[in-house]
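Read the figures in this text as sums done on the coordinates, not as results from a lab. Everything numeric here is computed off the predicted structure, so don't read it as measured data. Please note: Cβ atoms are built from the backbone with ideal geometry, for glycine as well, and neighbour counts cover all protein chains shown.
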Amino acid sequence: MSVRTIARKDLADAGRSKMLWAVTVVVLLSTAGITGLLAAGSGMAAGEVFNFSFQLAVTMLPIVALILAKGAITAERESGSLRVLLSLPPSRRDIVFGKFLGRTALMLVATIVGGLATGLVVFTILGGTVGSLASFIGFLGLMSVAFVAIGVGISAGSASDSRATAVAVGVYMIMVVLWNLILTAIQYGAVELGLMASGSQPGWLQLIGLFPPNRAANAAYRATAQGQLFGTDPFASVWLPVLVLLAWLFVPVTAGYLRFRDAQIG
Amino acid sequence: MTDPAIEINGLTKQFDDVTAVEGVDLTVESGEIFGFLGPNGAGKSTTINVLLDFVGPTRGTASMLGLDVSDGRKTLHNRIGVVPENYGLYDRLSGRRHVKLAAELKDADDDPDELLDRVGLSENDANRPAGEYSTGMSQRLALAMALVGSPELLILDEPTSGLDPNGARELRNIIRAENERGVTVFFSSHILEQVEAVADRVGIMNEGELVAVDSIDRLRQQLDTGAQVTLCVDREPDHNLGDIPNVRDVDVVDGTVRGTCLEPAAKLRFIDRVREVATVTDVRIEESSLEDLFASYTREDIGEDTGDSHAEPVVPGGVAQ
């Protein structure tokens, strides 16, 4: 009950933030816009254009989701409205999960609107199937929510908003910008240490490759396009990356809550 | 209701190597208006933060309405109303939406407009986003949220900060009205006159310790600086006025006769005596200020100074000194 009330309050409050919407609109329009240019001028097929937009979206949406979520708790902590909420019956758990629900709803609205806009652009110019659009929006949505979960978790676990911002940017850098490099480094190190043969792709290495939500979403999207729901290779199937994404929904928020539960709100 | 409204036992709170509160014991009975006094940094807010479960105690226990402040928190917070210190509002949400939020979270069916009207916010104010509110309006809104759900206990942390004198008076009226309804009110302040005007009892915090708990009258008696009575006279008397019982430091200057009266009856004796020898044209009486009282508990340097002539006690039977 409290969770839902707080989620609705958060939607009403954060939903009125012009800055938030401006960032979202700019990012989503640029995604749809670039997709439109590509669809009109490149001679690619609809499927390829969707693929390209998906790549674009998995690099853009995480930062939008993180920015949208990282202040969920810390902003209230700094403004003092958290003290008002905590003076009322809701527990810290209610507040964290209510905030997660509220920000999730916001992010989903943005993702669905942006996804539909992109789909509409592609359909109008090139035509295509509704099925491909559904998995396009579905996996982007799931990934966005995973990053909202990470952002809310960071927010719950941080004492100040600037700290939450720094951690959120760090997470973006590691998971989205640098993961390829990290993966290569791990691979190189493992070969040097004799843990694996050069050029091979052991399961654990592929799992590390699948670890960030953006990469898991990408793998799931590709596997869906290839019809590999439950293939013999789990890394080329839909179920394993989806499992990874689902884990991202719960683990960061829970970890953040546990830190917040013991925090001193002085 | 036999449970005390607030019961604190041996409360100590340390932050790293700073002891914010040390060994505080305090019981606030149901139905009281209790003023929690002390300078900034004395440990008032930390004590209240423990009561509200914002921070956990290092040692000791605290309960309100018979419920542990941490274990019974959810039930408890349904039955209390709070204006926390340094609270913030949602700048983008209207005043009415704030009260509605509190009502929803407390599962109460209060009419937001009625509560807003009670604290002096108009319907027009209620529709405006709280970000446009002045400090005083924010304070009123916070109070309206605290009154949601007819709480049994009101905890107000520095509720008068940001209120103009008129707003402070209205707040006192609300506190009295709630108290008449049977509500216990616990409020903190570093401003004495706010507390003096409404509190049945006060507790004074200084440097993390509760240094005094008593009614204001009794505290004043303990301090005993007497009242300064100034009489304007048509001509300065040349009689000796130094022998009036319980009147000290009689002084004749600039057409006035001044004296410090240690008890109420001494004031009348003093006036009567002066009127025997001169015509009194005006009377001014200044009670020993609570500032002095407050200062005596919260300033370290005063301890030795009270040994001067001002500390002479009232003599039973009124024997002249």
* Structure fact -> Candidate cut points under trypsin sites (Lys or Arg not before Pro) in the stretch B:155-202, DSSP loop plus at most 14 other Cβ atoms within 10 Å of their own Cβ, are B:181
* **Exposed GluC sites (Glu not before Pro) absent: longest stretch of chain B, with sites in DSSP loops and at most 13 other Cβ within 10 Å deemed exposed** => B:1-286
* To do: Check cross-link reach from residue A:18 to the lysines: straight Cα distance under 25 Å, and skip same-chain residues fewer than eight apart.
  => A:9, A:70, A:99, B:100
* Computed over the Cα atoms of the stretch B:78-137, what is the convex hull's projected area averaged over all directions, in nm²? -> 4.2
* What is the Cα coordinate range of the stretch A:133-190 on the first, second and third principal axes, sorted by size from largest, in whole angstrom? -> 37, 35, 15
* Structure fact -> In a Gaussian network model of chain B with springs linking alpha carbons closer than 10 Å, the residue among B:107, B:17, B:117 that fluctuates most is B:17
* **Most mobile of B:26, B:154, B:51 in a GNM of chain B (Cα contacts under 10 Å)** => B:26
* Inter-part distance where the stretch A:127-199 and the stretch B:125-141 are each reduced to a Cα centre, Å -> 42
* Structure fact -> Here chain B gives, from Cα atoms, an Rg and Dmax in Å of 23.9, 74
* What fraction of the DSSP beta bridges in the protein assembly as shown is antiparallel, stated in percent and rounded to the nearest 5? -> 65
* Asked: Binning every alpha carbon pair distance of chain A at 10 Å from zero, what are the percents per bin?
  -> 7, 28, 31, 22, 10, 2, 0
* Can you give the charge dipole size of the protein assembly as shown about its Cα centre, rounded to the nearest 20 debye, using +1 on the beta carbon of Lys and Arg and -1 on the beta carbon of Asp and Glu? -> 4080
* Asked: What residue among A:135, A:79, A:160 shows peak mean-square fluctuation when chain A is described by a Gaussian network model with Cα springs under 10 Å?
  -> A:79
* Structure fact -> Here the FRET efficiency for residue B:239 versus residue B:211, based on Cβ atoms and R0 = 51 Å and rounded to 0.05, is 0.70
* Note down the relative contact order for the stretch A:1-110 as a percent, whole number, built from C-alpha pairs under 8 angstrom at least six residues apart. => 52
* Mind listing the Cα extents of the stretch A:52-118 along all three principal axes, in Å, largest one first? -> 48, 18, 16
* **Over the protein assembly as shown, volume per residue of the alpha carbon convex hull, in Å³** => 214
* To do: Among DSSP beta bridges whose residues both lie in chain B, state the antiparallel percentage, nearest 5.
  => 65
* To do: Would you kindly work out the equivalent ellipsoid of the stretch A:132-266 from its C-alpha gyration tensor and give its semi-axes, the square roots of five times the eigenvalues, largest first in whole Å?
  => 29, 21, 12
